[in-house]
Structures are given as structure tokens and as C-alpha cells.
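S.K.: Take this structure, written in C-alpha cells, and hold onto it; I'll ask about it next.
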Amino acid sequence: MDTAAAVALFVLTLQNISVPIMMRLARTTSGGGNMGNAYCIPVLVCFQEVFKIVFSIGLLVREQGGLNQAIGMINQEILLKPKTTLKLGVPALCYFIQNNCQQLANSYLPAAVYAVTYQGKTLVVALMSVLMLNKKLQMFRWVAIAGLAVGVAMVQCAKAPDNASKEYAGSEFLVGLTYAVTAASMSGFAGVYFEKMIKKSQPGTKSQQPSLWIRNIQLAIFTLFIGVPTVYTSASFDAADPLRGFDGVVWGLGLNNAVGGLLVALVVKYADNILKCFSNAMSTVIGTFVCIPLFGFEPSWLFAVGACVVLSSALLYGEAIKFPYPQCDRILFDVPKAAEPEDVEKTLEEGEKIATPAEVEMEERK
């Protein structure tokens, strides 16, 4: 592992550890919780997107080599391509729902329980990748998906409390679980949709994909369009004091979430998927131990077993650990798909013969 990858892994791990802890602090201390001075979550989400736009523009200026070049890129990729920009409305809506549900979940769930439950987004990403991207998954990845489902279920059955959650009834724990599952589902779906959009090339063109910072600016702008009206319809919004409940922890949470969205993009440049899986696993384990003295978290044996199953499954899915049997690398449910029009056109240009469906079936039977 080189120095850049080590630094990226260290920073990402710290950020992953801090997110659920800061959310729990913000929702259970004087700046949050179910008290009368609770901050308005949609207001914080909108500030996150403003921070993200500012950071993305700064990174775009650095990438393009100047402010004028960055402005030209924004004009070319955002203003002159309205159809492409509009397509980002779907993941923007999903991310807005995710950000709200994350903080609502931390109002009811201990930070450690939330962190483990949120790992279930890997399950959503896997299923959506199969359905939306036609990805083929090996047997060991399906085993990992099943393990994730079982492990998350065990963690929820354990109902390990902390000092704040002891005051809640069982129904409120279920509310927190619902918010956590919704956040994980929105995150998984939006991520796969975003990946599909980025990878799908325009027919008849060979143009290079736009900067990732451009995409982040587009997403943040759409989120603001969705978030601002939501603020004024939120029951927790106080028009006389829109920043009610905003203390140092809440502002820190907003900055941390904004930086975290950009950090993932930077980590992709230096670290591979295995390192990211290790980072997620380490942050969940370390975060659980931090929650014990910080929040009075009381993990049970069922929580410990479930957490181990979830983390092992996540590492297995990311190929950080492997089965010793080659048969586990076999792809399941591999259904041949029809040739895409651009593939047919390319094949005809190269003078190759295209097999008919009947010929394909005969070849498979051989």
C-alpha cells in the first residue's frame, strides 16, 4: 500500500467513524433530540448542499487550472445540457431522503446499531446492480448478500440500548429501524442509478465523461431545489428562528457530511474496493467501542454475533476475504442477453458474423 492509499484509508475511516457518532450527539444533546429546541433537519441538509457546492467549485477550479475555465465547464456541462442535468433529479431526490432519514434514524437508534444496520446498503447495491446494470454476481457474493440480511436481522433482534434509547418504547425503536432501512435503500439505489448514468455513453459520440465535481454540483443544486420547499413545509421549521438548535455539533455534522460526499470521490482515485471495505469494517468496529463510554451503549452477545456476520459479509462481498474453493467464483443466474444495437453495428463494421438466437441456443446445448 502506497502513502496516498494509506492516507486515503485513514481519512475515510475517521470520517466513517464520526458520522453516526456526530449524528447521535446532534440528535440527543441540547442542539437536537426530541426537545423543543431541536434543529430542523431539512435546513441542515440544505446547508450541507451549499457547503458541497462551494467545495466542488473550489476543486473544479483547481482541476481546470483557473476560474474562467471552471465557469466555462459549468456552462458547457450544466446550462447547455439541460436533459442530462434533469436526469440527476432522481438521485438527488434519493440522496435528500437518505440524508433526512439518516438523522431521524439516529434520533431513535444507538449509533452502533445504526452503523451496523446501514451496512445493509451493500445488499441494496448488489440487487440494484443486477437489475439495473445487468451485472453478474459470483456465488460468494450471493452468500455475502444472504449473510448481510441475516446479520442485520440479528442486530435488530438484539435491541442493544444506550442511555438515550432506554427512554424509548419498542415502537420507537421500530421507527428508527424503518428510517435506517429507508436511508440504506435510498443510498444504494441512488448510487447504482448514478453509476448507470455516468457509464452510459451518448449514442454516436465519443466525448469524455464530465468532471466528477460537475456531477456533484448538479446533484447539490437539485437537492436544494427539493430541499428549500421542504423546509417551509416541515413541522420543525421555525420561521422566526430558522437556525434554532444549531450549535457547534450540528454545524460540524453538516460540514462533515458535505466533506464525506466529496471524500468518497477522492478515495476512489487512490484506494480500491477492498480498502474501502476494510475501512467500513474498521470504522464500524471502532465506532462501536467508542459508543460504549460515550453513550453508555450496552452490546449483547446477539448484537456482537450479528455485527460480526455483517462485517464478514461486507468484506466477503468486496473480496477482502475469499473462499478457498474455486467453485465459489462461479457466476450464478448468468442469462445471455441480446446484442445491443451499438454492438451489432460494431460487429458489422468489423465484418464478423452475428449468431442468431437459434444458433446461440444450439451452441449452448453442445
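None of the figures in this text is laboratory data; all of them are computed from the coordinates on show. Keep in mind that this is a model prediction, so the values were computed, not measured. Cβ: placed from backbone, ideal geometry, glycine included. Neighbour counts: every protein chain shown.
S.K.: At what distance in nm do the modelled label points of residue 259 and residue 195 sit from each other, each positioned 7 Å from its Cα along Cα→Cβ?
M.R.: Once both label points are built, they end up 2.7 nm from each other.
S.K.: I've got another one for you. Against the 2.2 N^0.38 Å scaling, with N counting residues, where does region 2-129 land? I'd like the Cα-based Rg ratio to two decimal places. Write down the numbers at each step before the final one.
M.R.: Working: Rg = 18.3 Å, N = 128, 2.2 N^0.38 = 13.9 Å.
The reported ratio for this selection is 1.31.
S.K.: Given the Cα-Cα distance of residue 134 and residue 3 and 0.36 nm per residue of separation, how much length would full extension add, in nm? It would help to have the intermediate numbers written out before the result.
M.R.: Numbers: separation 131, 0.36 × 131 = 47.16 nm, distance 3.55 nm.
Contour length minus Cα-Cα distance gives 43.6 nm.
S.K.: May I ask for the net charge around residue 219, where only other residues with Cβ less than 9 Å from the Cβ of residue 219 are counted and Lys, Arg are +1 while Asp, Glu are -1? Each step should come with its number before you reach the end.
M.R.: Numbers: positive: 52, 215; negative: 49.
Result for the neighbourhood of residue 219: +1.
S.K.: Related question: Local charge sum around residue 128 (other residues, Cβ-Cβ under 13 Å, Lys/Arg +1, Asp/Glu -1)? The partial results should precede the final answer.
M.R.: Numbers: positive: 121, 135, 196; negative: 195.
In short, +2.
S.K.: If each residue of separation counts as 0.36 nm, what is the full-extension length gain between residue 69 and residue 239 once their alpha-carbon separation is subtracted? Present the calculation step by step, with values, prior to reporting the outcome.
M.R.: On the way: separation 170, 0.36 × 170 = 61.20 nm, distance 3.93 nm.
Result: 57.3 nm gained on full extension.
S.K.: How far apart, in nanometres, would the label points at residue 11 and residue 79 be if each is projected 7 angstrom from Cα along the Cα-to-Cβ direction?
M.R.: 3.1
S.K.: Would you mind checking the pairs 81/196; 136/322; 87/196; 83/121; 136/196; 83/135 and listing those with alpha carbons more than 21 angstrom apart? Let's see the in-between values first.
M.R.: Working: 81/196 18 Å; 136/322 18 Å; 87/196 11 Å; 83/121 29 Å; 136/196 15 Å; 83/135 26 Å.
Going by Cα-Cα distance, 83/121; 83/135 fall outside the 21 Å limit.
S.K.: At a 10 angstrom cut-off on C-beta neighbours, averaged per residue, how do the peptides 302-314, 251-263 rank from highest to lowest? It would help to have the intermediate numbers written out before the result.
M.R.: Numbers: 302-314: 20.8, 251-263: 19.0.
Per-residue mean Cβ counts within 10 Å order the peptides as 302-314, 251-263.
S.K.: Can you give the local net charge around residue 306? Use residues other than it whose beta-carbon is closer than 15 angstrom to its beta-carbon, Lys and Arg +1, Asp and Glu -1. Each step should come with its number before you reach the end.
M.R.: Values: positive: 159; negative: 298.
That works out to 0.
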